[in-house]
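Taken together, the values in this text are just the output of simple stated rules run on the coordinates, not laboratory data. This one's a predicted model, so the numbers in the text were calculated from it and none came from an experiment. Neighbour counts are summed over all protein chains in view; Cβ atoms, including those assigned to glycine, are modelled from backbone coordinates with ideal geometry.
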Amino acid sequence: MAMILVTGASGRLGGALLDRLAGQGERVRALSRRARSGGGAEWVRGDLSSGEGLEAALDGIGTVIHGATTIGRADSAATERLLQVARRAGVRHFVYVSIVGVDAIPFFYYRTKLECERLVAASGIPWTVLRATQFHELLAQIFAVQRFSPVLLTVSGLRFQPVDTTEVAERLALLAGGPAQGMAAEIGGPEVLGMRELNRRYARSRGWHKPVLTVPGSGTVLRRFREGHNLTPEHADGTIGFARFLAEGAGK
């Protein structure tokens, strides 16, 4: 059985993915810039930014799940570097984790993710791209920075469909175990909620009693979010909502 290489394995999604793959009986190798252990995986050191260690990391790998990400052009450069080494190593399936709406919302981070999708599709390696909506953790982080503010700020008209990382990990594991699909069906959380309501739920879970101030915001990026390009209600496959995520203490 060929091994699966997971990049971004030390993150929350990566950790959940390692658990799921190990539960399926897969042989897994996890890439990290620092020495690590655990998760039922063989950990190897490698640096996507420089390429150091990638040749050894991809030796004997049949499938790559690329979940590592960074900000700006470094992300697409790292993805291209990984694809080049994967092609030389004879990788038979490359799975990439992306975001719902990257093709419609001109946010700089989304533009980079879209460029990475294009690199994957043009690589010559059979590929699968899974787009997911925002993770619960991202929204929790946005709200958490307001803990010292006397009011809670929210942007008018924004809606989100947060999804749990464990459920995205489950979908990725299934995709990695099957044939390449190209653009796979998207995955989103079980409910679409306004940013104001999500902010209120986070505040209640922390015992905060603060007024919520809604600000208008403008520009193309916010307009595209307001139009719902970050949502995928027809693929509301997740079952863990934001309230349950908070109740289980994962957003602390």
Query raised in the report: Check Val212: other-chain or 5+ apart residues with amide H under 5 Å from its amide H, H built from backbone geometry?
Result: Leu152
Query raised in the report: In degrees between 0 and 90, to the nearest 10, how far off the longest principal axis of the chain does helix 12-23 point, with axes built from Cα atoms?
Result: 50
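About its Cα centre, what dipole magnitude does the chain give when the only charges are +1 on Lys and Arg Cβ and -1 on Asp and Glu Cβ, stated in debye to the nearest 20? Present the calculation step by step, with values, prior to reporting the outcome.
On the way: 31 positive and 23 negative charges, 160 e Å.
The calculated dipole for the chain is roughly 780 debye.
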Query raised in the report: What nm distance separates the two modelled labels at Glu248 and Glu234, each placed 7 Å from Cα along Cα→Cβ?
Result: 2.9
Query raised in the report: Arg34 versus Glu80, label points 7 Å from Cα toward the beta carbon: distance in nm?
Result: 3.0
Requested in this report: For Trp43, list long-range residues whose amide hydrogen, built 1.01 Å from N in the peptide plane, is under 5 Å from its own amide hydrogen.
Outcome: Ala30
Requested in this report: Rounded to the nearest 10 degrees, what's the angle between the helix 195-205 long axis and the longest principal axis of the chain, both from Cα atoms, 0 to 90?
Outcome: 90
Query - Using alpha-carbon coordinates, inclination of helix 108-121 to the longest axis of the chain, degrees - result: 30
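Go ahead and estimate [θ] at 222 nm for the chain from helices alone: -39,500 (n - 2.57) per DSSP H run with n ≥ 4, summed, over the residue count, rounded to 500.
On the way: 9 runs with 92 residues, N = 252.
So the helix-based figure for the chain works out to -11000 deg cm²/dmol.
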Query - Under-5 Å amide H pairs with Glu52, H placed in peptide plane, nonlocal only - result: Asp47
Query raised in the report: Rule-of-thumb check for the range 161-252: C-alpha Rg over 2.2 N^0.38 Å?
Result: 1.30
Query raised in the report: Under a GNM of the chain (C-alpha, springs under 10 Å), which listed residue has the highest mean-square fluctuation: Gly217, Gly194, Gly62?
Result: Gly217
Query - Ile71 paired with Ser50, simple spin-label distance in nm, labels 7 Å along Cα-to-beta-carbon - result: 2.3
Query raised in the report: Of the labelled options [x] 30, 20, 16; [y] 27, 21, 18; [z] 33, 20, 16, which one gives semi-axes √(5λ) of the Cα gyration tensor in Å as computed for this structure?
Result: [z]
Report task. Using the Karplus curve 6.51 cos²θ - 1.76 cosθ + 1.60 with θ = phi - 60°, work out ³J(HN,Hα) for each residue of the range 179-194 in order, rounded to whole Hz, and write x for Gly and Pro. Result -> x, 4, 10, x, 7, 6, 4, 5, 9, x, x, x, 8, 9, 10, x
